[in-house]
Amino acid sequence: MSDPFAGLPGAVVDERGLRHLGNPLGEQRALASGAAVAPLGDRTVLAVTGEDRLSWLDSLTSQALTALAPGESTELLVLDPHGHVEHAASVIDDGETAWLIVDRGDAEGLLSWLRKMRFRLRVDPRDAGDEYAVIGGTSAALDAVAAAAPADVPLVWHDPWPGITAGGYGYAVVEQHPGADRDWAEAIVTHAEAQRVADAAAAGEVALAGLLAADALRVAAWRPSWSAEVDERVLPHELDWIRTAVHLSKGCYRGQETVAKVHNLGHPPRRLVALQLDGSDSVLPSRGAAVRVGADVVGAVTSAILHFEEGPIALAVVRRGVPVDAELTVETDAGTISAAQEVIVPPEAGATANVPRLTRLSRRAPAK
């Protein structure tokens, strides 16, 4: 299916979708303020119908879903038997269908797994990507977008991050979480509506932002994503994902034993950190770039972006034992750069009750 936004003036498009329209930093400002919306070509939609859909998803995933009300937003993780994250989805139910918004690269694997797990239950998971697209922005900005409502409930998912949802637990111990003021929602729209938005943008009636802008706001809010932060051994604890995607006191599901043990008795072996990168050369590390303490590799970059206020920033997963005051460096194509660490998941996360709260690093001057 062709991208309706590819032909817009200044559009830079790749296999994920609309990257930007020539002004990534300005698009970030507009997106954050609610003056623009972002076509999320890197997201797609799965639909689960059937009377047993919510109890079925509840039994398979990390989230409590049985009592999910129509129009209520949440998110779930599918874990392997050892508690590692395999799949992730944003969830909204309209009373007839559970709609899963997922990273496009995860859709096929998640759908295949769900179909294998149906047994004799009254559920029918399907790929709805040929029917629908996803557009993101602030809640107010999405008022200009006609969200699909096949059961008379507008399909707009409101991101619960970084709040701590029922049954969740937050590991980040900063006094003011950087995502606290983030307003983010994602609307499921028909492809006809996506084309209308593209036409309105071409006519100057709607302002758009690209995926780079959306990703910059995500990284600045310390928000993990499946496509960036998840690898074959990541635990939800390591990404502080328990706050919104895991219900610690719900019924049994695959991987629950590991989740409970690490949270109550142990510590996750790795931890997510935010990095403020040396911006003197305006060079960003690639995903997977080595994070070092001295000559030792202690982790890897998962996301890196140029933010309109904070300059070059990144998320990285490092060993739990890396000191919180360690001087870190990151590898780039242009050489090694310095990286100031901000603690997201502290080394004490897990079997602990009172981790001292931390003050965030001062923000740098806005990027020029």
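The values are calculated or read from the model by the stated rules, or taken from the named source; none is laboratory data. Remember, predicted model here, so these are calculated numbers, not experimental data. When we count neighbours, we look across all protein chains shown, and the Cβ atoms used for this are built from the backbone with ideal geometry, even at glycine. Keep in mind that these areas ignore ligands, DNA and RNA; they rest on the heavy atoms of the full protein, side chains included. Shrake-Rupley method; radii C 1.70, N 1.55, O 1.52, S 1.80 Å.
Values computed for the structure shown
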item: Dipole magnitude of segment 1-111 about its Cα centre (Cβ charges: Lys, Arg +1; Asp, Glu -1), debye to nearest 20; result: 540 debye
item: Surface accessible to a 1.4 Å probe, Glu96 within the full protein complex, Å²; result: 120 Å²
item: Share of carbon and sulfur in the accessible heavy-atom surface of segment 63-125 [1.4 Å probe, %]; result: 49 percent
item: Unit charges at the beta carbon, dipole of the chain: most positive-side option, Ile305, Gly22, Gly288; result: Gly288
item: Of Ala245, Pro224, Val318, farthest towards positive along the dipole that unit charges on Lys, Arg, Asp, Glu beta carbons give the chain; result: Val318
item: Cα-based radius of gyration of segment 87-134 once divided by 2.2 N^0.38 Å, which approximates compact folds; result: 1.14
item: Semi-axis lengths, Å, segment 157-279, gyration tensor of Cα atoms, sqrt of 5 times eigenvalues; result: 33, 18, 13
item: Computed [θ] at 222 nm, deg cm²/dmol, the chain (DSSP H ≥ 4; -39,500 (n - 2.57); rounded to nearest 500); result: -5500 deg cm²/dmol
item: Descending semi-axes in Å of segment 34-175, equivalent ellipsoid built from Cα gyration tensor; result: 23, 20, 15
item: Gyration tensor over alpha-carbon atoms, the chain, equivalent ellipsoid semi-axes in Å; result: 31, 28, 17
item: Shape metrics for segment 1-84, restricted to C-alpha atoms - Rg then Dmax, Å; result: 18.3, 48
item: Cα gyration tensor shape for segment 262-334, rounded if a/c is under 1.5, else prolate or oblate; result: prolate
item: Where Lys261, Lys116, Lys250 fall by accessible area, highest first, once all protein chains stay in place (1.4 Å); result: Lys116, Lys261, Lys250
item: Trypsin sites (Lys or Arg not before Pro) restricted to segment 268-311 and DSSP loop, no more than 16 other C-beta within 10 Å; result: Arg287
item: Area accessible to solvent at His84, 1.4 Å probe radius, in Å²; result: 40 Å²
item: Cα-centred dipole magnitude for the chain, charges only on beta-carbon of K, R (+1) and D, E (-1), debye, nearest 20; result: 840 debye
item: At most 10 other Cβ within 10 Å, DSSP loop - chymotrypsin sites (Phe, Trp or Tyr not before Pro), segment 55-162; result: Phe119
item: Within segment 232-310: Cβ-based charge dipole about Cα centre, in debye rounded to nearest 20 (Lys, Arg +1; Asp, Glu -1); result: 520 debye
item: FRET efficiency for Cys252 and Asp130, using Cβ-Cβ distance with R0 set to 41 Å, rounded to 0.05; result: 0.75
item: Simple spin-label estimate for Asn264 and Ser2 in nanometres, 7 Å along Cα-Cβ; result: 5.7 nm
item: Extreme residue, positive dipole direction of the chain, given options Val262, Ala32, Gly335 (C-beta unit charges); result: Val262
item: Accessible solvent surface per residue of the chain, calculated while the other protein chains remain in place, 1.4 angstrom probe, Å²; result: 42 Å²
